[in-house]
Each structure stands twice: as C-alpha cells, then as structure tokens.
Amino acid sequence: MKVTYEPTMEGKICMVTGATAGIGQATALRLAAAWRPADGQGADPAEPGPPPAHQTATLLEEASRQLGFRPRKTMALAQRLYEGVVLDDGERTGLLTYPRTGSTWIAAEVDRAVRALVLARHGPAALAPVLDRRGALEPQGAHQALRPARLDWPPERARQALREAGGRDLPRLYELTWDRLLGSRMAVEAWRALAARRREADSRRGAPPRLDDAALLELLVQQGIGRPSTLATVGESLETRGYLARCAGALQVTPLGERVAAWLDRTFPRTLDAAYTTSLEARLDAVEAGSLPWRAAVAEAWAPLERALGQVVA
C-alpha cells in the first residue's frame, strides 16, 4: 500500500494507491470508521425473546464479548470440537456441528430433545411454547445451526476431558454453545432472568463501550455482511493491511484507515457499502440455491460498480 499527496491548484490531495481489500473488508472498514460508542452497546435483555441457536457470526461475537476470544481463536476451538476429542469413555467424539454456517435451523428431533432438557433442568415454567410448524419446509441441503452435536454430553460431563484436550478454553466455548441452544427453547421470562444475570456480571466489570472484535462483528451481522467462512478473519485482515490497530483489546481505525474510508465514501458512495455488499451476497445465495443464473447475478452487481468506476476514471 502507498499513500501519496498529489499537488493541485488548491493544495494537495491524498491519493491512496496500492491499498487493497476485498468487498467485505472495504465495507467493514467503512462501518468501523463510522462507529460510535452507542453503536456497540449490545442487545438489551428486554428484547422480545431469546435468540436462536448460534450461527458462525453470533458465536464469534459472543465468544469475543463474554470470553475475550479473538475470532480466529474461536474458530480454531470450534473446529476442534467439531473434529472430536477423546472423552471419558475412550471414544473420539465430535461435540459440535459444522462450525461454518449461516443457519439457525434445528431439526425436529433435536428440538424435542432440547425441550426435554430444559424441562428436566428448569421445570415446566421455563419451557417455551411449541411453535406450530405444520406445513413449514425444512431447508434442503442446508447446514443446521452451530450447536452441540451430542446432548448426552453436557458441559459438566465433558469438562474434564475437554480441559485435558485443550486447556480451559475448550470447555468454556463448548458451554457457550450449550447455553445458547438451551436458551433458544426457554420461555421469555426465564430467558430474561438468565440474560439479566449475565449482563449484571458484565456491568460489574465496568468495561466502557468500545470498538472491538465483538462490536465489529455485531455491525457486520446487523448489516447482513460476511460469509461464515470469512467472518473470523475480517478484522485481522484489516489489521494486517494497516487499516485497523489493536490497543489493549480495542480496535482503532488508523490514519491510513481513515483516509481509505474517506476515499471510499467520496468515490463509491453507493457501491462498496453495506447495502451493495448485502445485496451482492443475497444474489450469491440465490445463485447457490439455483434460483438465479450466475450471469444475471454478475450483471446486476457489475452495472452500478461500472458506473462508479467510469466516474473515477473520467
């Protein structure tokens, strides 16, 4: 990357040359540059109800916020749980479903088993009502949510084996996925009570709102940006390119990052932004599902970008 200052009649203007970033990273940089403390407050425990089971993005966000894990570390631990560890019975057992997923779907038999666990652990008052899913179609060929794969291995049973396999962090991440899955089938009031206790613990730590991995991931999730396979490395890639810097766990947009973000805002005001990126990813999903020819998806994505590039060249 190189930043030069070209002379003009009015003075000098900043020209960013040799700077690179993918479309998702460019959008993430613009969101990071526009971030303010109020943007990263997290969810209010008085939301309408419990969130669904994890997908990749929400696991990365929650592991960062609650456990202090950087996204790449979270994905490495999740992959290890997916591939399996040797448990007390001497068998190598996969404890997590496929960790790269954008789905929150839970199979019917798993739903029934999770509800039975909630009932046994917390009583009937904690159990959410069963939704009427008659006529609902299950996704074809889609991954399930990111969740524990073996409900007969709760965290307390697997904890010692997980510690021996990967230290204290492996059981902590496993417990996070377990709590989220059970919480997704809890009644609103029961879930709110649990969420309020967790937020009370967070508030006692006294950490001020800041841009960190969790806040950046939350921004991306809110905008519908990022693929499950790339979300873990977005912030790290921006660091490597010198657009973000890390200080005591917080992410700061560097002077170079500020200049690049400002240049993107001026040059591509309606492309390479959140709306454009989200629509592009939606078209890619439609191509994958077979409902949109790839040539049509490329043409729709290229047309506004070509106009913007034409204005830059002109």
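Where a number appears in this text, it was derived from the coordinates with a stated rule and is not lab data. Everything numeric here is computed off the predicted structure, so don't read it as measured data. We place every Cβ from the backbone using ideal geometry, glycine too, and count neighbours over all the protein chains shown.
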Could you please report the charge total around LEU127, scoring K, R as +1 and D, E as -1 over all other residues with beta-carbon less than 14 angstrom from its beta-carbon? +2
Give, as a single signed number, the net charge of other residues whose beta carbon lies under 11 Å from the beta carbon of GLY22, with Lys and Arg counted +1 and Asp and Glu -1. +2
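Most exposed first by the Cβ proxy, i.e. fewest other Cβ within 10 Å, how do SER237, SER291 rank? Don't jump to the answer; show the numbers that get you there.
Details: SER237 18, SER291 9.
In order of increasing Cβ crowding within 10 Å: SER291, SER237.
Provide the net charge surrounding ALA250, with neighbours chosen by a C-beta distance below 11 Å and charges set as Lys +1, Arg +1, Asp -1, Glu -1. Could the numbers behind the result be given before it?
Numbers: positive: ARG210, ARG246; negative: ASP212, ASP213.
It works out to a net charge of 0.
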MET186 long-range amide H proximity, modeled H, under 5 Å: ALA128
Which order do peptides 84-91, 168-175, 187-194, 214-221 fall in by mean Cβ count within 10 Å, highest first? 214-221, 168-175, 187-194, 84-91
